[in-house]
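Structure, as structure tokens:
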Amino acid sequence: MVIFGSLLEYFVNNNEISVKLEQDYVNFLNKIKAKLRSTQLKVASSVNHEIIMFYWQLGTDILQMQVNNKHWGSKFLDQLSHDLQAENPGTSGFSRRSLEYMRLLATIYPDENQFTQQPAAQLPWSTIQLLIDKFRDDHSRRNWYANEVLLNSWSRSTLNTHIKSNLYERQSIEAEKISNYHLRLPSPQSDLAHEILKNPYSFDFLTISKDAQEREIEKALTTHIKDFLLELGQGFAFVGTQVPIEIDGENYFIDILFYHLKLRAFIVGEIKAKKFKPADLGQLSFYLSAVDEIFKHS
């Protein structure tokens with residue numbers, strides 16, 4: 001109230017009119033906001049396209065390597081997943097399951113030029129995964145739904161709803177109803193644009209995230225890992241940072257993991273660049289249970 005009162009008194013005494021009340025300023029501001037949103041979408045779409053093409057190329061390379069090295073067996077993807085995640089800590093999208101999707105993508109679209117021209121190449125990765133899950137061997141339906149996503153700016157959840165309601169099968173029977181429904185959908189580049197802009201894969205792929213400060217702390221600790229271990233005390237052995245674990249198909253990363261030689265137990269460390277909150281303890285307990293389940297020896 002004090003600040004507001006001071007501003008009001010200033011404008012009255014100086015016979016000023018707030019620039020916020022000027023219609024020209026409002027129009028100018030809205031124009032800038034629209035340009036910013038458009039630019040953000042173009043950048044996000046470009047990044048998304050490059051990521052999808054990278055995934056397609058990686059899937060193609062995996063197929064080729066498995067053809068040339070058949071003796072590698074099923075452990076090849078496990079090893080590749082581990083090495084990629086170890087080399088790129090904090091970057092999701094390289095679990096074994098994700099690599100299998102990339103391989104499937106390359107199998108479905110073996111030709112790069114053909115894939116580039118497909119509507120699927122412009123979609124977020126999670127949406128492509130859904131289409132592969134539902135229509136792996138049905139190009140007609142997969143392509144139809146992918147095209148509808150682009151035309152109507154559907155989010156992944158909206159697409160899943162339409163798939164469950166058999167929209168493709170009903171299109172010829174309820175053509176008029178479908179057309180009317182399309183008109184009532186959000187304006188183009190709404191849901192889909194929001195999903196692309198907020199797509200976590202893009203930020204993970206670029207290694208840009210809200211955890212950047214914590215990553216810097218982690219990097220500093222590992223740079224001076226010898227001194228850090230001495231501070232912890234005798235018996236601590238360094239296992240790694242951003243150690244990947246998979247629970248129910250979801251990927252998680254332990255910030256820093258140790259093994260204690262005397263206790264013969266894993267020690268889980270969670271790095272937070274903020275004040276401690278009870279929820280942090282819950283996250284740590286979750287990791288402890290996962291380590292017991294996955295890493296613990298008899």
Query - At q = 0.27 Å⁻¹, base-10 log of I(q)/I(0) for region 210-275 (Debye sum, equal scatterers on each alpha carbon) - result: -1.23
Query raised in the report: Stretch Tyr252-Asn30 to full length: gain in nm at 0.36 nm per residue minus the Cα-Cα span?
Result: 75.9 nm
Report task. Apply 1/(1 + (r/R0)^6) to the Cβ-Cβ distance of Gln66 and Val43, taking R0 = 30 Å, and write down the FRET efficiency to the nearest 0.05. Result -> 0.30
Report task. Above 22 angstrom, tally the Cα pairs of region 27-120 and express them as a % of all pairs, no decimals. Result -> 44
Report task. Could you list, in their original order, any pairs among Lys226/Lys262; Lys75/Lys134; Lys219/Lys272; Lys42/Lys164; Lys70/Lys296 whose Cα atoms are separated by more than 20 Å? Result -> Lys75/Lys134; Lys42/Lys164; Lys70/Lys296
Query - Karplus-derived HN-Hα couplings along region 143-151 (A = 6.51, B = -1.76, C = 1.60, θ = phi - 60°), whole Hz, x at Gly and Pro - result: 5, 5, 5, 4, 5, 5, 4, 5, 5
Requested in this report: Just read off the accessible area of Leu29 with the full protein assembly in place, 1.4 Å probe, to the nearest 10 Å².
Outcome: 70
**Report entry** Gly240 long-range amide H proximity, modeled H, under 5 Å
**Finding:** Leu257
**Report entry** Net lengthening on full extension, Asp83/Gln118 (0.36 nm per residue, minus Cα-Cα)
**Finding:** 9.5 nm
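The values are calculated or read from the model by the stated rules, or taken from the named source; none is laboratory data. Here the structure is a predicted model, which means the values were calculated and not measured. Because the Cβ atoms are built from the backbone with ideal geometry, glycine has one as well, and the counts that use them run over all protein chains shown. Just so you know, the surface numbers come from the protein's heavy atoms only, side chains and all, with ligands and any DNA or RNA stripped out. Shrake-Rupley method; radii C 1.70, N 1.55, O 1.52, S 1.80 Å.
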